[in-house]
Amino acid sequence: MSVDVSIIVVNFRTPEMTVEAVRSVGENAGEGFSYEIILMDNGSGDGSAEALRAAFPELDVMALEENVGFARANNIGAERARGEYILFLNPDTLVRPGAVAALLAFARRRPEGGAWGGRTVFADGALNPSSVARFVTPATMLMRAVGLSHLFPRSAWLNPEIYPGWRRDSEREVDVLFFCFVLMRTEVWRRLGGFDRRFFMFCEDDDLCWRLRQAGLPRLFTPEAAIVHYGGASTTHRPGRIVAINRARLQWVDRHWRPVARATARLALGGGVAARALFERLFHGRRTPTWGEVWARRSEWLSPGAVTK
């Protein structure tokens, strides 16, 4: 028996937050459509799977034996999907009243889209702008490396990746929808092959949105569907998170850019980290060795061999 929407939630060592996220679906998804929840544990090894099964005995919790990465775990979950649409929902979220119904209505009203996303806010209701972004370019990587995007965060010229000046209060087409709360047609998802499993975590959504663009399918945003997104719950060690992001970003660059642009990206990203590590050492000593650790671990993200593993 099919349903309108298959909702996939992948947990990794955040069972309490995941329980709240799934409960918020039941309480606030909205009316007028049918859905199923595909709940997974991505090899947490900390009792998460048992906690999820205890909280939701009505669900068939899929427990993977090892952490296979965010992209691959969602691909595995999507294989089970019986819905016309798949909704990807992060475990560190809370669905606001009517959010899923509103996103589905938006998709049906704008059927030309390849993916549809909604607004994200913090727990206090303040805007969390990280639900969308522009595609990275060599120019934006250089501006970030030299610190211009940090010095002028509201500049559309110097920090364009975050759509500065837009309060996420209107419908529009965007480059990238981050898959914390994104709806896709199951047929389109499967035709494109889902996430590229070579992205362990981070930038798998950039990659999929790039392939949607190549297929001529817009990525559409609506402010009418909103969730609370805490962000970063499963990667709390900041240097490790930065290493993972840098590795994924260069992996994306290697997949989609020409050789000269790839070399520019490495120069910009490596130079930016080195400069921050030097500044940190000169002015903060060893009190906050974040960038020093990232630079010390550069073999994990900067070399071409590191990002192809």
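None of the figures in this text is laboratory data; all of them are computed from the coordinates on show. Keep in mind the model is a prediction, meaning the values are calculated, not measured. In this analysis, Cβ positions are derived from the backbone assuming ideal geometry, glycine residues included, and neighbour counts consider all displayed protein chains.
Details
- Folded to 0 to 90 degrees: helix 15-28 orientation relative to the chain principal axis, Cα: 50 degrees
- When each of the peptides 83-95, 160-172 is scored by the mean number of other C-beta atoms lying within 10 Å of its residues, the order from highest to lowest reads 83-95, 160-172.
- The label point for Glu224 and the one for Arg53, both projected 7 Å from the Cα toward the Cβ, are 4.1 nm apart.
- For the stretch 1-46, the relative contact order works out to 63 percent when only alpha carbon pairs closer than 8 Å and six or more residues apart are counted.
- Taking amide H positions as modeled 1.01 Å from N, with prolines and chain starts lacking one, the residues under 5 Å from Val121 and 5 or more places away or on another chain are Asn128, Ile227, Val228, His229.
- Phi to ³J(HN,Hα) by Karplus 6.51 cos²θ - 1.76 cosθ + 1.60 over the stretch 214-222, Hz, x for Gly, Pro: 4, 7, x, 10, x, 9, 10, 10, 10
- Treating r as the C-beta distance of Glu173 and Asp46 and R0 as 45 Å, the FRET efficiency rounds to 0.65.
- Helix 238-256 and the longest principal axis of the C-alpha atoms of the chain enclose an angle of approximately 90°.
- Contact order normalised by residue count of the stretch 238-307, Cα under 8 Å, 6+ apart, percent: 46 percent
- If a spin label sat at a point 7 angstrom from the Cα of Val188 along the line to its beta carbon, the backbone N atoms of the stretch 120-151 nearer than 20 Å would be those of 120, 131-136.
- Mean separation of Cα contacts under 8 Å, 6 or more apart, over the residue count of the chain: relative contact order %: 20 percent
- Amide H partners (placed H, <5 Å) of Tyr35, local residues excluded: Asp4, Val5
- Modelled spin-label separation between Phe279 and Trp157, with each label point placed 7 Å from Cα along the Cα-to-Cβ direction: 2.1 nm.
- Per-peptide packing, taken as the mean over residues of other Cβ atoms within 10 Å, places 177-189, 105-117 in the sequence 177-189, 105-117 from highest down.
- Karplus (6.51, -1.76, 1.60) ³J(HN,Hα), θ = phi - 60°, over the stretch 58-66, in Hz, Gly and Pro reported as x: 7, 9, 8, 6, 8, 10, 7, 6, 9
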